[in-house]
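The values are calculated or read from the model by the stated rules, or taken from the named source; none is laboratory data. Owing to the predicted nature of the structure, the values given are computational and were not obtained by experimental measurement. Note that we place each Cβ from the backbone using ideal geometry, even for glycine, and neighbour counts take in every protein chain shown. With ligands, DNA and RNA removed, areas are computed over all heavy atoms of the protein, side chains included. Shrake-Rupley method; radii C 1.70, N 1.55, O 1.52, S 1.80 Å.
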Amino acid sequence: MKPTSLVLLVPLALASFGFSTMAAQEPSAWRQSQKTDAVGGTTYTRFTLAGKFLKSPQGDVPNRPAFVLDCVPGNASHRPKGRFLARNLLVGTTLKIVYVEPEEIHGTSYYPKVSVRYRMDNAKEELEKWSAGTEKTSASIPVGSLKKMLRAHTVEITADDDRGLPVVMQFDMPDPTPVEAGCAVDDDKK
């Protein structure tokens, strides 16, 4: 065996290992797809951004956390620009629900909410109560919070699961241009 052959194989193996690990770390991006509402026949655009768990929920969670934004384009909306249909944080595990008393009571209504703490980049942590999804594994993101998050580089979100244990998620925020254009983010007053 020639000694030079072995010397050449080691750098090649290290170089191929380095390339395979770099390829696995793809930059985050908004995935865009077209959907049709089965009931009304309305076509809308879905923007999805996958995140990662920094502190995973207990048990099996088949999917990573995700932002899922559904928007009606301007040509299908009553307005000249697009608008939001839904702005959801999908967690994939049952979240702890707190019932918030409305400001004005008409009967015995209480609103199911999810307590959420989030931090953008190095800013101060913010605490909000977001509306719970019907299946209680998601929460609706308020437009004002979403606008701030879209302009951040990194967003860390913490919510408690139904056992009261914290679930910590992180999202590396890509260029918001497709979402802002498709959903008319700056024009939405909700």
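Tabulated data
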| item | result |
| --- | --- |
| Among (1) open to solvent by less than 100 Å² (accessible area, probe 1.4 Å); (2) at pLDDT 80 or above; (3) over 19 Å from the mean Cα position of the chain (by Cα) - the single one residue 39 does not satisfy | (1) |
| Residue count, region 124-174 (criterion: free of Cβ contacts under 8 Å to residues at least 40 places away in the same chain, assigned to a loop (DSSP other than H, G, I, E, B) and over 20 Å from residue 100 (Cα atoms)) | 5 |
| All positions within region 133-190 that are of a type in the set (Lys, Arg), at pLDDT 90 or above and either more than 16 Å from residue 47 (Cβ to Cβ) or open to solvent by less than 60 Å² (accessible area, probe 1.4 Å) (or both) | 136, 147, 148, 163 |
| Where a residue in region 87-101 is free of Cβ contacts under 8 Å to residues at least 12 places away in the same chain and open to solvent by 40 Å² or more (accessible area, probe 1.4 Å) and its partner, wherever it lies, is assigned to a strand (DSSP E or B) and not small (Gly, Ala, Ser), with Cβ under 9 Å and at least six apart | 101/111 |
